[in-house]
Amino acid sequence: MHFLAEAALFLAAAVVVVPLFKRIRLGAVLGFLAAGLLIGPWGLRLVTDVDNILGFAELGVVLLLFVIGLELQPSRLWALRKAVFGLGSLQVGVTAGVLGAAALAFGASWQGALVIGVALSLNSTAFVLQLLAERRQLTTRHGRSAFAISLFQDLSVIPLLAVVPLLVEHEAARDPTAPWIGAAKAVGVIAGVVIGGRLLLRPVLRVLARSGIQEIFTAGALLVVVGVALLMESVGLSMTLGAFLAGVLLADSEYRHEVEASIDPFKGLLLGLFFIAVGMKADVGLLLARPGAVLGAAAGIMAVKAAVLAVLGAGSGHGREGTRSLAVLLSHAGEFAFVLLGVAAEAGVVDGPTEDFLVITVTLTMAFTPVLFLLNEHVITPRLRKPVAPPVYDTLPDAAVPVIIAGFGRVGQIVGRVLRARHVGFTALDISAEQIENVRRFGSRAYFGDASKLELLRAARADEARLFVIAVDDVAASIRIAETLRKHFPALQIHARARNRFHAHKLMALGVKVIVRETFHSSIELAHATLTTLGDTAADARDTLDRFRQLDEEILVRQFAVHEDEARLIQTSKEAAAELESIFDQEQEARAAGRRTRAADDARVPAATGGWK
């Protein structure tokens, strides 16, 4: 098959399959593997030369290790040191020991068992972070622990990639100095890369950056990665080790973000190609021929990893729910298993049939994990979770006040400070106990409570207040509060903060008259500064923006009539944009005509000497 036709085939498979897998929450990595299965020897047989593609696609793994090195700033590692080097080392050490012992029992050599144990103990960092991000769990206790363990795994794969080639049994009897010479060369090259990188990398990147040509900077960044990787390979070490070292050397550089941005598109595409190639290489025939063995191995790996993580999670105070989430999330084996097993097979540490068996097994563990994670989140956890007692809200003062503020965050606090400065009494309510505690530390007074609850509003004497300010950040909560107020306190005037036009229309539908879009006025001020910087006078810029504000408010009201009809809403937005442009063009022409008239009048005024200008 022609190279371009083959490239088009890979791109088409990725474009069709990967978005589908992301949509059903199985992740991009699994989507790439499935795309490879689809077009590979066990699928439609559109591509059969897997080894050549895999060799080229390994450049994606090289770039991935480089980016991981860029992320490993010493300050970041130090902040996470306990979780990274505590939980991470225990998870990798214990899991690798158990799985390696199992591999040894099934007949693997001690070298192969070592590689298999460590390879299967590692997870997919991209897979884990994606699952956590989709469910907004990155900042939870188990989310932070999962990130720390994944970070340690990324670190631990580096020395193993360097060690795997050294595990091959050399003929030391004929040349007992060969291993030592090889080790000395490796140490010398690593030292040279570290020293040379410190002295040369930043000056070279500085020169490339000053050229002002983005393509040259990108080419230079790629040359650094590939050059160091090839240098490492020339002395028998892994290319990925060289890429990782290059990344670490630039981790504290002022060019780190620019280099990462330049490398990232190539890394993403090539890494996707690597996973497609792995999917093509997966021996589905082995699964069909020995389903019990493959499924049993996948289940066994996941059970061992989950058990180890359950013990570690419970011992580090994650609680039952957090421990269970951590165990399920990290129970799979990840992409580095493919990398390590491939390197080990190439070096002769692991034989081909064992590699094929483990590749399909690892793929299955990755396929099972999202399903188990969803099952744990939506079925197991709700059933095991203890009923939560309703929160005990603060006791509100008996005296009525003219203003009640719901939401005492960034917006509500400013309103409250102005009212306090004018000696206007108000009651501030917020659903976040942490926020209440925080504002009290700074001397403000607010009460814990859900402002959408009728009993709390009655306790706050909403029936005697003159004004209710809805300043909560959450759109759904804001709408609930407005609905409760309109239903039970129809005479109470409401001022509300709106996140966007959609939120504003929802509030308008509930009869809220005074609505302030939270970023609108700050955006107007920013636009004023932009126009004056571009040459407008302050007065002209203010006139333009006053007119824009007036027209936008009118458009907001007009669009309210069609806000539930998306097609009409899009059409009115286009019409409004054209209307604004036409009005501003007319005003610009009027200003220009006015300036010409004033200039002509000035020219006809007699000069002080009696002559004419």
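A few comments on the model shown:
- Using only the C-alpha atoms, the convex hull of region 371-475 corresponds to 138 Å³ per residue.
- Placing a label point 7 Å from the Cα of ARG466 along the Cα-to-Cβ direction, the residues of region 485-526 with a backbone N closer than 13 Å are 493.
- Relative contact order %, region 473-529, counting alpha carbon pairs below 8 Å whose residues are six or more apart: 34 percent
- Selection of GluC sites (Glu not before Pro), region 492-579, meeting DSSP coil and at most 13 other Cβ within 10 Å: GLU564
- Backbone HN-Hα couplings from phi across region 305-312 [Karplus 6.51/-1.76/1.60, Hz, Gly and Pro as x]: 5, 5, 5, 4, 5, 5, 5, 5
- Gain in span if fully extended, ARG440 to VAL15, counting 0.36 nm per residue against the direct Cα distance: 147.8 nm
- Summarising the overall dimensions of the chain from its C-alpha atoms, the Rg and Dmax are 32.4, 115 angstrom.
- Accessible area per residue for region 205-293, computed on protein heavy atoms with a 1.4 Å probe, is 44 Å².
- Protein-only accessible surface at a 1.4 angstrom probe places the residues LEU132, LEU245 in the order LEU245, LEU132, largest first.
- Tilt relative to the chain, helix 141-163 - C-alpha long axis, 0 to 90 degrees, to 10: 40 degrees
- Percent RCO, i.e. relative contact order, over the chain, from Cα pairs under 8 Å lying at least 6 residues apart: 14 percent
- The residue among LEU20, PRO370, ILE494 whose Cα reaches farthest toward the positive pole of the charge dipole of the chain, with charges on the beta-carbon of Lys, Arg, Asp and Glu, is ILE494.
- Looking at region 246-283, the GluC sites (Glu not before Pro) that sit in a DSSP loop and have at most 11 other Cβ atoms within 10 Å of their own Cβ are GLU254.
- Accessible surface of region 529-577 [probe 1.4 Å, protein heavy atoms]: carbon and sulfur percent: 56 percent
- Accessible area (Å², per residue) of region 347-461, counting only protein heavy atoms and a probe of 1.4 Å: 56 Å²
- Estimated [θ] at 222 nm from DSSP helical runs (n ≥ 4, -39500 (n - 2.57)) normalised by residues in the chain, nearest 500: -22500 deg cm²/dmol
- The calculated FRET efficiency for LEU4 paired with SER234, based on their beta-carbon distance and R0 = 30 Å, is about 0.40.
- Taking all protein chains together and a 1.4 Å probe, the residues LYS267, LYS22, LYS305 rank LYS22, LYS267, LYS305 from largest to smallest accessible area.
The values are calculated or read from the model by the stated rules, or taken from the named source; none is laboratory data. Not measured: the values here are computed from a predicted model. Note that each Cβ is placed from the backbone with ideal geometry, even for glycine, and that neighbours are counted across all protein chains shown. Ligands, DNA and RNA are excluded from the accessible area calculation, which covers all protein heavy atoms including side chains. Shrake-Rupley method; radii C 1.70, N 1.55, O 1.52, S 1.80 Å.
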